[in-house]
Amino acid sequence: MVFFDQHEELCIPRNTKPSNRYKYLLARTVLIRHLQVHLPRSQPSIQIESFESVQDPEFEEYLTESGVYFVLCHDGADLTALDEMPSTLLEDEIEKTRREAEDFSRKLLFRTMICSLINQAYNVALINGLEWMDTKVRNLEFLP
Amino acid sequence: MAKQKDSESDLLDWYPLLCYPSVDNELTESRYASLPARRVDLVGDYAGSELFLVEGDSVLLRCWSDPKLDFHGEILEC
(Lines give C-alpha, C1' and ligand atoms only; values in the text may rest on other atoms or scores of the structure.)
Protein backbone atom coordinates (compact mmCIF):
# COMPACT_ATOMS: atom_id res chain seq x y z
CA MET A 1 0.00 0.00 0.00
CA VAL A 2 1.39 3.37 -1.01
CA PHE A 3 0.50 6.82 0.26
CA PHE A 4 1.47 10.07 -1.47
CA ASP A 5 1.96 13.31 0.50
CA GLN A 6 0.53 15.24 -2.42
CA HIS A 7 -2.67 13.18 -2.28
CA GLU A 8 -3.45 13.70 1.40
CA GLU A 9 -6.58 15.79 0.74
CA LEU A 10 -7.99 13.25 -1.72
CA CYS A 11 -9.24 11.01 1.10
CA ILE A 12 -11.74 13.67 2.25
CA PRO A 13 -15.20 12.74 0.90
CA ARG A 14 -17.50 15.03 -1.01
CA ASN A 15 -19.79 17.35 0.99
CA THR A 16 -17.39 17.51 3.94
CA LYS A 17 -17.67 20.84 5.72
CA PRO A 18 -14.40 22.78 6.07
CA SER A 19 -14.70 22.54 9.86
CA ASN A 20 -14.58 18.71 9.65
CA ARG A 21 -11.68 18.31 7.24
CA TYR A 22 -9.10 18.06 9.99
CA LYS A 23 -10.78 14.88 11.31
CA TYR A 24 -10.07 13.01 8.08
CA LEU A 25 -6.51 14.30 7.86
CA LEU A 26 -5.86 13.31 11.48
CA ALA A 27 -7.40 9.85 10.96
CA ARG A 28 -5.25 9.44 7.84
CA THR A 29 -2.06 10.28 9.71
CA VAL A 30 -2.97 7.96 12.59
CA LEU A 31 -3.87 5.09 10.24
CA ILE A 32 -0.62 5.38 8.29
CA ARG A 33 1.40 5.42 11.49
CA HIS A 34 -0.56 2.46 12.89
CA LEU A 35 0.06 0.43 9.74
CA GLN A 36 3.77 1.33 9.66
CA VAL A 37 4.20 0.17 13.26
CA HIS A 38 2.05 -2.97 13.27
CA LEU A 39 1.97 -4.39 9.73
CA PRO A 40 5.58 -5.63 9.64
CA ARG A 41 4.79 -7.91 12.59
CA SER A 42 1.21 -8.94 11.84
CA GLN A 43 1.33 -9.10 8.02
CA PRO A 44 4.96 -9.01 6.85
CA SER A 45 3.89 -9.75 3.25
CA ILE A 46 2.10 -6.39 3.06
CA GLN A 47 4.41 -3.41 2.70
CA ILE A 48 3.38 0.13 3.43
CA GLU A 49 5.30 2.95 1.77
CA SER A 50 5.06 6.71 1.58
CA PHE A 51 6.30 9.02 -1.19
CA GLU A 52 6.07 12.67 -2.02
CA SER A 53 4.10 12.26 -5.25
CA VAL A 54 3.53 9.95 -8.21
CA GLN A 55 6.36 11.78 -9.97
CA ASP A 56 8.80 11.14 -7.11
CA PRO A 57 11.83 9.32 -8.61
CA GLU A 58 11.92 7.11 -5.50
CA PHE A 59 8.39 5.92 -6.29
CA GLU A 60 9.33 5.12 -9.87
CA GLU A 61 12.30 3.14 -8.58
CA TYR A 62 10.04 1.35 -6.09
CA LEU A 63 7.58 0.41 -8.85
CA THR A 64 10.36 -1.07 -10.93
CA GLU A 65 11.98 -3.00 -8.08
CA SER A 66 8.77 -4.33 -6.54
CA GLY A 67 7.48 -5.83 -9.80
CA VAL A 68 3.80 -5.09 -9.15
CA TYR A 69 1.36 -6.59 -11.62
CA PHE A 70 -1.25 -3.83 -11.49
CA VAL A 71 -2.36 -0.83 -9.43
CA LEU A 72 -5.68 -0.54 -7.59
CA CYS A 73 -6.92 3.02 -7.07
CA HIS A 74 -9.85 5.44 -7.19
CA ASP A 75 -10.62 7.72 -10.15
CA GLY A 76 -12.39 10.43 -8.17
CA ALA A 77 -15.87 9.67 -9.54
CA ASP A 78 -18.59 10.02 -6.92
CA LEU A 79 -22.27 9.27 -7.38
CA THR A 80 -23.18 11.08 -4.15
CA ALA A 81 -25.11 14.23 -5.02
CA LEU A 82 -23.54 17.51 -4.04
CA ASP A 83 -25.47 18.84 -1.02
CA GLU A 84 -28.14 21.32 -2.00
CA MET A 85 -27.53 24.84 -0.72
CA PRO A 86 -30.68 26.05 1.08
CA SER A 87 -30.31 29.70 0.13
CA THR A 88 -28.70 31.97 -2.40
CA LEU A 89 -26.54 33.84 0.11
CA LEU A 90 -23.11 34.79 -1.20
CA GLU A 91 -21.43 32.55 1.42
CA ASP A 92 -23.44 29.53 0.21
CA GLU A 93 -22.62 30.26 -3.42
CA ILE A 94 -18.94 30.45 -2.53
CA GLU A 95 -19.22 27.21 -0.54
CA LYS A 96 -20.93 25.48 -3.50
CA THR A 97 -18.18 26.72 -5.82
CA ARG A 98 -15.55 25.55 -3.35
CA ARG A 99 -17.03 22.03 -3.27
CA GLU A 100 -17.26 21.85 -7.04
CA ALA A 101 -13.63 22.97 -7.33
CA GLU A 102 -12.63 20.37 -4.76
CA ASP A 103 -14.47 17.66 -6.72
CA PHE A 104 -12.72 18.69 -9.90
CA SER A 105 -9.31 18.74 -8.20
CA ARG A 106 -9.87 15.30 -6.72
CA LYS A 107 -10.82 13.76 -10.06
CA LEU A 108 -7.93 15.50 -11.83
CA LEU A 109 -5.25 14.30 -9.42
CA PHE A 110 -6.52 10.71 -9.40
CA ARG A 111 -6.84 10.63 -13.18
CA THR A 112 -3.44 12.22 -13.70
CA MET A 113 -2.00 9.42 -11.58
CA ILE A 114 -3.90 6.80 -13.60
CA CYS A 115 -2.68 8.24 -16.92
CA SER A 116 0.89 8.40 -15.60
CA LEU A 117 0.77 4.73 -14.58
CA ILE A 118 -0.80 3.70 -17.89
CA ASN A 119 1.97 5.58 -19.73
CA GLN A 120 4.48 3.47 -17.77
CA ALA A 121 2.66 0.35 -19.02
CA TYR A 122 1.00 -0.58 -15.72
CA ASN A 123 -2.58 -1.81 -15.73
CA VAL A 124 -4.90 0.09 -13.40
CA ALA A 125 -8.01 -1.30 -11.72
CA LEU A 126 -10.61 0.96 -10.10
CA ILE A 127 -11.43 0.50 -6.43
CA ASN A 128 -14.72 2.38 -6.78
CA GLY A 129 -17.16 0.04 -8.44
CA LEU A 130 -15.66 -3.15 -7.01
CA GLU A 131 -18.20 -5.95 -7.01
CA TRP A 132 -17.88 -8.89 -4.65
CA MET A 133 -19.72 -11.87 -6.18
CA ASP A 134 -19.20 -15.29 -4.57
CA THR A 135 -15.48 -15.98 -5.09
CA LYS A 136 -15.09 -13.30 -7.76
CA VAL A 137 -13.87 -9.72 -7.37
CA ARG A 138 -14.99 -7.83 -10.45
CA ASN A 139 -14.09 -4.29 -11.35
CA LEU A 140 -13.14 -2.01 -14.20
CA GLU A 141 -9.58 -2.26 -15.43
CA PHE A 142 -7.71 0.18 -17.69
CA LEU A 143 -5.14 -1.16 -20.10
CA PRO A 144 -2.02 0.61 -21.33
CA MET B 1 -17.05 44.71 1.47
CA ALA B 2 -14.48 43.53 4.03
CA LYS B 3 -16.51 40.37 4.70
CA GLN B 4 -16.69 39.57 0.97
CA LYS B 5 -12.92 40.00 0.70
CA ASP B 6 -12.36 37.54 3.55
CA SER B 7 -14.64 35.00 1.84
CA GLU B 8 -12.74 35.36 -1.41
CA SER B 9 -9.39 34.82 0.28
CA ASP B 10 -10.82 31.78 2.11
CA LEU B 11 -11.97 30.44 -1.26
CA LEU B 12 -8.45 30.73 -2.64
CA ASP B 13 -7.18 28.60 0.24
CA TRP B 14 -9.14 25.65 -1.14
CA TYR B 15 -7.66 25.84 -4.63
CA PRO B 16 -4.11 24.54 -4.04
CA LEU B 17 -4.78 21.34 -5.95
CA LEU B 18 -5.91 23.32 -8.99
CA CYS B 19 -2.60 25.19 -8.99
CA TYR B 20 -0.53 22.00 -9.33
CA PRO B 21 2.07 22.82 -11.98
CA SER B 22 2.57 20.94 -15.24
CA VAL B 23 -0.90 19.41 -15.33
CA ASP B 24 -2.87 19.99 -18.48
CA ASN B 25 -6.45 19.52 -17.31
CA GLU B 26 -8.15 19.04 -20.65
CA LEU B 27 -5.44 16.75 -21.96
CA THR B 28 -5.69 14.56 -18.86
CA GLU B 29 -9.47 14.32 -19.06
CA SER B 30 -9.48 13.48 -22.77
CA ARG B 31 -6.67 10.94 -22.32
CA TYR B 32 -8.55 9.35 -19.40
CA ALA B 33 -11.80 9.20 -21.37
CA SER B 34 -10.04 7.43 -24.25
CA LEU B 35 -8.43 4.67 -22.14
CA PRO B 36 -9.52 1.16 -23.20
CA ALA B 37 -11.26 -0.61 -20.33
CA ARG B 38 -12.88 -3.94 -19.50
CA ARG B 39 -14.57 -5.58 -16.53
CA VAL B 40 -12.56 -8.48 -15.12
CA ASP B 41 -12.56 -10.89 -12.22
CA LEU B 42 -9.37 -9.75 -10.52
CA VAL B 43 -8.73 -13.03 -8.72
CA GLY B 44 -10.07 -15.68 -11.08
CA ASP B 45 -9.35 -14.27 -14.53
CA TYR B 46 -6.63 -11.71 -14.10
CA ALA B 47 -4.09 -11.39 -11.32
CA GLY B 48 -4.69 -14.42 -9.13
CA SER B 49 -2.09 -14.20 -6.38
CA GLU B 50 0.20 -11.71 -8.15
CA LEU B 51 1.61 -8.75 -6.27
CA PHE B 52 -0.35 -5.53 -6.73
CA LEU B 53 -0.16 -2.00 -5.40
CA VAL B 54 -3.00 -0.20 -3.63
CA GLU B 55 -3.08 3.60 -3.55
CA GLY B 56 -3.78 4.38 0.11
CA ASP B 57 -5.92 7.50 -0.24
CA SER B 58 -8.12 5.64 -2.72
CA VAL B 59 -8.93 3.07 -0.03
CA LEU B 60 -9.59 5.77 2.54
CA LEU B 61 -11.89 7.70 0.19
CA ARG B 62 -13.76 4.51 -0.73
CA CYS B 63 -14.32 3.65 2.94
CA TRP B 64 -15.01 7.13 4.27
CA SER B 65 -17.55 7.87 1.50
CA ASP B 66 -19.90 5.38 3.18
CA PRO B 67 -22.89 7.50 4.34
CA LYS B 68 -23.30 5.24 7.39
CA LEU B 69 -19.93 6.40 8.71
CA ASP B 70 -20.25 9.46 10.91
CA PHE B 71 -17.15 11.62 11.23
CA HIS B 72 -19.20 14.66 12.05
CA GLY B 73 -20.53 13.61 15.44
CA GLU B 74 -24.15 14.21 14.43
CA ILE B 75 -25.33 10.70 15.36
CA LEU B 76 -23.82 11.01 18.84
CA GLU B 77 -25.64 14.28 19.35
CA CYS B 78 -29.09 12.68 18.83
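The values are calculated or read from the model by the stated rules, or taken from the named source; none is laboratory data. All values derive from a computational prediction rather than experimental measurement. Using ideal geometry, Cβ is built from the backbone for each residue, glycine included, and neighbour counts are taken over all protein chains shown. Remember, those area values only see protein heavy atoms, side chains included, never the ligands or the DNA or RNA. Shrake-Rupley method; radii C 1.70, N 1.55, O 1.52, S 1.80 Å.
Values computed for the structure shown
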| read-out | value |
| --- | --- |
| Pair list, Cβ < 6 Å and 6+ apart or interchain, from segment A:111-125 residues that are touching a residue at least 60 places away in the same chain (Cβ under 8 Å) and more than 8 Å from chain B (Cβ to nearest Cβ) to residues that are among the β-branched types (Val, Ile, Thr) and open to solvent by less than 10 Å² (accessible area, probe 1.4 Å) | A:Ser116/A:Val54; A:Leu117/A:Val71; A:Leu117/A:Val124 |
| Count of residues meeting criterion [under 25 Å from A:Phe51 (Cβ atoms) and surrounded by 18 or more Cβ atoms within 10 Å (Cβ to Cβ)] in segment B:42-53 | 3 |
| Within segment B:27-78, tally of residues that are more than 8 Å from chain A (Cβ to nearest Cβ), closer than 21 Å to A:Val71 by Cβ, at pLDDT 75 or above and not in a helix (DSSP H, G or I) | 2 |
| Residues within segment A:89-119 that are among the hydroxyl-bearing types (Ser, Thr, Tyr) and over 14 Å from the mean Cα position of the chain (by Cα), tallied | 2 |
| Test: residue in segment A:25-34 that is without any contact (Cβ under 8 Å) to a residue 24 or more places away in the chain, among the polar types (S, T, N, Q), under 21 Å from B:Leu51 (Cα atoms) and open to solvent by 80 Å² or more (accessible area, probe 1.4 Å) | no |
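Results for (1) assigned to a helix (DSSP H, G or I); (2) open to solvent by 30 Å² or more (accessible area, probe 1.4 Å); (3) at pLDDT 90 or above, shown as yes or no for each residue.
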| site | (1), (2), (3) |
| --- | --- |
| A:Val37 | yes, yes, yes |
| A:Pro40 | yes, yes, yes |
| A:Ser53 | no, no, yes |
| A:Glu58 | yes, yes, yes |
| A:Leu63 | yes, no, yes |
| A:Leu72 | no, no, yes |
| A:Leu79 | no, yes, no |
| A:Thr97 | yes, yes, no |
| A:Ser116 | yes, no, yes |
